[in-house]
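What follows is calculated from the coordinates using simple rules that are stated; it is not laboratory data. As the structure is a prediction and not an experimental result, all values here were calculated from the model. Methodologically, a virtual Cβ is constructed for each residue, glycine included, from the backbone with ideal geometry; neighbour enumeration extends over all protein chains shown.
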Amino acid sequence: MKEGKDEIPEIGETWFLGRQGEEYTFEEYEVLSKVGNRTYLIVIIYDVVDNKKRYRIAKTLKGYGTWVQRSAFECHLTLKQYEKMMKDIKQYFDFNVDMLRVYRLTGQADIQVYGKIEMTEEEELIII
């Protein structure tokens, strides 16, 4: 892993960007803009008291991924899509009474599915 912030990662190198609960630095955004097509498996779990808000959240999240359980979605998103999704759904939450958990998974996640739930998989897109 490279130490310099001004250097761009070589293919196959690992870079750790950002810190939990903090904003990205300018240098980190520069690197992310160059490798921004990386996708993440995003798991969203929520508990919302108000039925109207819960419906709006589900309707919004359907535009980003797959509804896998009553209040749970799985999405395959780039960092930019993830940030837009978070902005779109946070407006519906009253964090004094509602709960939201978001897992952003990288690499090969080991997912086991039981019951009548289809696996969500990232669609491979090839542009020629």
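Tally time: how many residues in the stretch 52-66 are hydrophobic (A, V, I, L, M, F, W, C) and either closer than 15 Å to D94 by Cβ or surrounded by fewer than 15 Cβ atoms within 10 Å (Cβ to Cβ) (or both)?
Count: 1.
May I ask you to list the residues in the stretch 69-103 that are among the hydroxyl-bearing types (S, T, Y) and in a strand (DSSP E or B)?
Selection gives T78, Y103.
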